[in-house]
Every structure is written in C-alpha cells, then in structure tokens.
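Structure, as structure tokens:
The values are calculated or read from the model by the stated rules, or taken from the named source; none is laboratory data. Predicted model only: the values in this text are computed from it and were never measured. A quick note on method: Cβ atoms are made from the backbone with ideal geometry, for glycine too, and the neighbour counts reach across all protein chains shown.
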Amino acid sequence: MAVGLLGGIFDPPHVGHVELARAALKQLELETLLVLVVADPGHKHATTSAETRLELTRLAFEDVPSVQVDLDRHPRTVDSLEERKLGDAVLILGADELADFSQWKQPERVLELARLAVAMRPGVSDEHVREARARLAVPERILSFEMPAIPVSSSEIRERVGRDESIDGLVPKGVAEAIVRLGLYLDG
C-alpha cells in the first residue's frame, strides 16, 4: 500500500481539501496520507504564518483517519520528495493542477519519485486531462480518481471573513472556531 501526499498552502484549509483527502484515501487504497503545509510557497503568497496554517490544517483533518499533517519547509515538490524518500508515493493533484505540472521544477524527477493521482471533478473535461497527460514523458505514472464538485476556495473564505459573512459549511468547525479565536482574515 502506498503513501499519499497532498501539499498546499491551506490558507485556510476547507471542506474541499478534506473531501479530496477522503476520496484519495478510499479510492487509491492509501495506507497513509501525508498532508504537507508548504511553509514558504514559491508560487503563491500566504496571508498567515506557516505555524498558523499548520494549526488550521491539523484541525481540518483531525477527524480523517490515516492522515498525518506536517510542515513542509521546501517550496518545491521535487525537493520535498527527494528529502522524504517515501518509496511508492502517490502525489494527489486536482485536475486543474495537472495542466500546469509541466511548469513545475523538474517534473520528470517528480514522476520518478512519485506517481500522480489526479482528482477528476465534474466540470473538468477528460480531454483537458488527456492533453496534459500526453505532454508528459511517462503518462502511465498518472492515475485518476473521482471526487464530488465542492465549490469552495480559500480565497473565497478569506473574503467572506473579511466581509463578516458566514463560513459555515465551507470549513470544518474547528477551523472556523480557530479563525475567530485568532482573528484571522479580517482584512479580507
């Protein structure tokens, strides 16, 4: 059985992240899912500290069996995979992320170190995924699995908190409570 990896900024983590993890664990028959909070993402700006995002992510996944949440000090996936040496690892991606995969740092090496498991959601065309897969040297290293469409994003949550709107149902309860307790995202 393989170890799954789900990396992200998680600013904040939301119910879509949790459902992605649950679907991957079930459908890919993973032994463990390592959720990695990227401390210093090289491609996006985080609005809260790595430690805060780590706390929120631990709260988000606390009820999901077989999930371990860790801080990832590497801004690039290949560097994290090189250091961790996980054997038969499966890197979990959204179908939208696969389209940009060829732009990642050393995508060929990532595919040597881990298989990709692409979450297929309603609204993402199979053709889009086939085209992205065809651009890769080893398309057989790409798996796919299904997950329901969950229309939520971290940026939407930050904006809603900044407008003093409810985020009920968009984030796990513990995350919502921590956002209030820590006074996060109040500036939108």
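Residues in the stretch 167-188 that are more than 23 Å from VAL64 (Cα to Cα), of a type in the set (Gly, Ala, Ser) and modelled with pLDDT of 95 or more: GLY183 alone.
Remark: pairs (first residue in the stretch 133-156, part of a helix (DSSP H, G or I); second residue loosely packed, with under 15 Cβ neighbours inside 10 Å; Cβ separation under 8 Å; 6+ apart in sequence or on different chains) = ARG133/PRO139. Looking only at residues in the stretch 1-56 that are part of a strand (DSSP E or B) and among the small types (Gly, Ala, Ser), the one that is surrounded by the most Cβ atoms within 10 Å (Cβ to Cβ) is GLY4.
Considered as a group, the residues in the stretch 160-173 that are more than 19 Å from GLY8 (Cα to Cα) and not in a loop (DSSP other than H, G, I, E, B) include one that is farthest from the chain's Cα centre (by Cα), and that residue is GLY162.
Residue-wise test of (1) surrounded by 15 or more Cβ atoms within 10 Å (Cβ to Cβ); (2) in contact (Cβ under 8 Å) with a residue 40 or more places away in the chain; (3) among the aliphatic types (A, V, I, L, M); (4) under 14 Å from VAL38 (Cα atoms).
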residue: HIS74; (1), (2), (3), (4): yes, no, no, yes
residue: ASP88; (1), (2), (3), (4): no, yes, no, no
residue: LEU98; (1), (2), (3), (4): yes, yes, yes, no
residue: PHE101; (1), (2), (3), (4): yes, no, no, no
residue: TRP104; (1), (2), (3), (4): yes, no, no, no
residue: PRO107; (1), (2), (3), (4): yes, no, no, no
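Of the residues contained in the stretch 117-132, none is found to be among the hydroxyl-bearing types (Ser, Thr, Tyr), surrounded by 17 or more Cβ atoms within 10 Å (Cβ to Cβ) and free of Cβ contacts under 8 Å to residues at least 60 places away in the same chain.
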